[in-house]
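Quick notes on the structure that follows.
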Amino acid sequence: MYSIAILITWIATLLNLAFANPIVRKSLNPQLLKARSSLSAEAFAAAADTWATNVVFVGGSQTYGGWVPPDCSWYDLGNIECLGLPANAIGDCNDMTVNQIGVIAGYGPCSFVGNAGYSATLAGKAGDGYQTVGPPQNIMSATCCPT
C-alpha cells in the first residue's frame, strides 16, 4: 500500500511539472538584436560592383539569388553563396529547398540538377519567368553557357 501511494504521488508530481507554464527569460543584452535595413528586389538586378546575380531561386516566401559563372562548367552549388530576401541571409545555394528557378535574361541557357531527380535547362530569355521545381528540393549543381 505504501509503494502505491508513493507511485501515485510521483506521477502526480510529474504531471504538475509537465503542465507548468514556461519560463520567459529576457535577453541579457537587449542591444544584441537590431533591425536590419531592408533590401529591395532591385538588389538582384545588381551590377558587377554589387551583389552579382544571374540565377534566382524561390523557396516558400524566400527569394535567393546567386552567381553561376557563365563559362559552361558545372558548379557544385555548395561552393556558391546565395543572398536570401527578405531575411538578408547569406548561405550556400544548395542549402535551401526551392520550388521555382529563374535565370536572368541574357545569362542562359542554364542547366540545373537537384537531389531528388530534378533536372532542367532554362533558356534565360526575357519574359520566361520562373520554372516550377517538382517536387520541391535542393538544387545541387548548375551550369550556365550563354550562346
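The values are calculated or read from the model by the stated rules, or taken from the named source; none is laboratory data. In this text the structure is predicted, and so the values were computed from the model without any measurement. Reconstructed Cβ throughout: ideal geometry from the backbone, glycine too, with neighbour counts over all protein chains shown.
Of note:
- One residue from VAL113, VAL98, VAL133 being closer than 13 Å to THR143 by Cα, surrounded by 13 or more Cβ atoms within 10 Å (Cβ to Cβ) and not basic (Lys, Arg): VAL113
- The one condition from (1) buried (at least 21 other Cβ atoms within 10 Å of the Cβ); (2) in contact (Cβ under 8 Å) with a residue 60 or more places away in the chain that ASP76 does not meet is (1).
- When the residues of segment 90-114 are filtered to those that are among the small types (Gly, Ala, Ser) and in contact with a strand residue (DSSP E or B) (Cβ under 6 Å, 6 or more places away or on another chain), the one that is nearest to TYR75 (Cα to Cα) is SER111.
- Among all residues of segment 53-63, there is none that is in a loop (DSSP other than H, G, I, E, B), hydrophobic (A, V, I, L, M, F, W, C) and under 20 Å from CYS145 (Cβ atoms).
- Long-range neighbours under 7 Å by Cβ, at least six apart or interchain, first residue at positive phi within segment 86-109, second of a type in the set (Lys, Arg): ASN88/ARG36
- Residue match in segment 7-24 (condition: crowded, with 16+ Cβ neighbours inside 10 Å, on the phi < 0 side of the Ramachandran plot and either modelled with pLDDT under 55 or in contact with a Pro (Cβ under 9 Å, 6 or more places away or on another chain) (or both)): no
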